[in-house]
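Trainee: Provided herewith is a single structure, encoded as structure tokens, for subsequent inquiry.
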Amino acid sequence: MAGHSQFKNIMFRKGAQDAKRAKLFTRLGREIVAAARLGGTDPDANARLRAAITDAKRANMPKDRIQRAVQQGSGAGDDSNYEEIRYEGYGPGGVAIMVEAVTDNRNRTAAEIRSLFNKNGGSLGETGSVHFLFNRVGEIRYSADAAAPEAMFEGALEAGADDVDSGEDGHVITCQAGDLHTVAEALEERIGAPQSVRLVWSPTTTVDLDQDGAEALFRLIDALEESDDVQDVSANAELSDDVAARLEG
């Protein structure tokens, strides 16, 4: 658990450092569109849409752009037919990878994702090939200085969370997917606004990687995240503290 959390923390910081605002807004907007089309345009009745809007606001996405994305998701005034597609495969070292994409051209995206896997030491699998290695859960993140570990733990449990992982990189609270916004609201009242509120794929088993394997995996994940259609990438990698420290150095 600790190793996986460290891996996710590295990826979270790296993504924040590398993100370009225009591309970030495009990605956030597509997530809002997909969430609205799949579950309706009412955030109170659509947990995924509410999470997408929350993430967009945290990133300072303009309010009118958020509203346009919700409207687009309703099908009003837009001819684009965005659909959500999940790709599954394996990366270097046998690491299972889940790729979530939103696209208006299924064939284009499938060809690109397959090519990225092949060029970076991975292999794209069939639907369901790695899905069973992950659970869909809610994730709420706070900075390390938001609260002491004991206070965060107590607040998260009272809010209905399942687990809390606190470290120098921050606090990661996980809960059942359907409880995400109830837990997030309770924590916000007690602790303050979180850094992010989102649904994620959490691995049920992990694969240990050495430094070479971890570096190869990062190259594949970086390449996938560069795709305009990719919304999120999850992997069941486990890194030791030593490997993680060398990667950060």
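Trainee: Name, by its number, the condition in (1) at negative phi; (2) surrounded by 15 or more Cβ atoms within 10 Å (Cβ to Cβ); (3) assigned to a loop (DSSP other than H, G, I, E, B) that does not hold for Thr54.
Mentor: Condition not satisfied by Thr54: (3).
Trainee: Further question on the same structure: Which condition number in (1) crowded, with 20+ Cβ neighbours inside 10 Å; (2) touching a residue at least 40 places away in the same chain (Cβ under 8 Å) is the one that Val70 fails?
Mentor: The one condition Val70 does not meet is (2).
Trainee: What do you reckon, is Val197 touching a Ser or Thr at 6+ places or on another chain (Cβ under 6 Å), touching a residue at least 12 places away in the same chain (Cβ under 8 Å) and not aromatic (Phe, Trp, Tyr)?
Mentor: For Val197, the condition - touching a Ser or Thr at 6+ places or on another chain (Cβ under 6 Å), touching a residue at least 12 places away in the same chain (Cβ under 8 Å) and not aromatic (Phe, Trp, Tyr) - is met.
Trainee: Do you know which residues across the stretch 224-249 are assigned to a helix (DSSP H, G or I) and within 16 Å of the chain's Cα centre (by Cα)?
Mentor: Within the stretch 224-249, Leu224, Glu225, Glu226 qualify.
Trainee: Suppose the filter is surrounded by fewer than 14 Cβ atoms within 10 Å (Cβ to Cβ) and in contact (Cβ under 8 Å) with a residue 24 or more places away in the chain; does Gly94 pass it?
Mentor: yes
Trainee: Please work out which residue is modelled with the highest pLDDT, limiting yourself to the stretch 7-33 and to residues that are of a type in the set (Phe, Trp, Tyr) and surrounded by fewer than 21 Cβ atoms within 10 Å (Cβ to Cβ).
Mentor: Phe25
Trainee: Here is a further query. Does Leu247 satisfy being open to solvent by less than 60 Å² (accessible area, probe 1.4 Å), in contact (Cβ under 8 Å) with a residue 60 or more places away in the chain and closer than 20 Å to Arg86 by Cβ?
Mentor: No; evaluated as a whole, the condition is false for this residue.
Trainee: Go through Gly128, Gly121 for me and flag whichever is assigned to a loop (DSSP other than H, G, I, E, B) and closer than 22 Å to Glu226 by Cα.
Mentor: None of the others qualify; the one that does is Gly121.
Trainee: Among the residues of the stretch 171-205, how many are modelled with pLDDT of 90 or more, assigned to a strand (DSSP E or B) and closer than 23 Å to Tyr90 by Cβ?
Mentor: 3
Trainee: In the stretch 34-49, which residues are free of Cβ contacts under 8 Å to residues at least 40 places away in the same chain, open to solvent by less than 40 Å² (accessible area, probe 1.4 Å) and of a type in the set (A, V, I, L, M)?
Mentor: Ala35, Ala36, Leu49
Trainee: Continuing with this model, one more query. Among (1) within 16 Å of Glu88 (Cα to Cα); (2) in a strand (DSSP E or B), which single condition is Asp208 missing?
Mentor: Result: Asp208 passes all but (1).
Trainee: Has the stretch 170-178 got at least one residue that is under 27 Å from Ala244 (Cβ atoms), open to solvent by 30 Å² or more (accessible area, probe 1.4 Å), touching a residue at least 12 places away in the same chain (Cβ under 8 Å) and in contact with a strand residue (DSSP E or B) (Cβ under 8 Å, 6 or more places away or on another chain)?
Mentor: Scanning the stretch 170-178, I find at least one residue that is under 27 Å from Ala244 (Cβ atoms), open to solvent by 30 Å² or more (accessible area, probe 1.4 Å), touching a residue at least 12 places away in the same chain (Cβ under 8 Å) and in contact with a strand residue (DSSP E or B) (Cβ under 8 Å, 6 or more places away or on another chain), so the answer is yes.
The values are calculated or read from the model by the stated rules, or taken from the named source; none is laboratory data. Note that the coordinates shown come from a computational prediction; the quantities given were computed from them, not determined experimentally. Every residue, glycine as well, gets a Cβ built from its backbone with ideal geometry; the counts of neighbours run over all protein chains shown. Ligands, DNA and RNA are stripped out before the accessible areas are found, and what is left, the full protein with its side chains, is counted by its heavy atoms. Shrake-Rupley method; radii C 1.70, N 1.55, O 1.52, S 1.80 Å.
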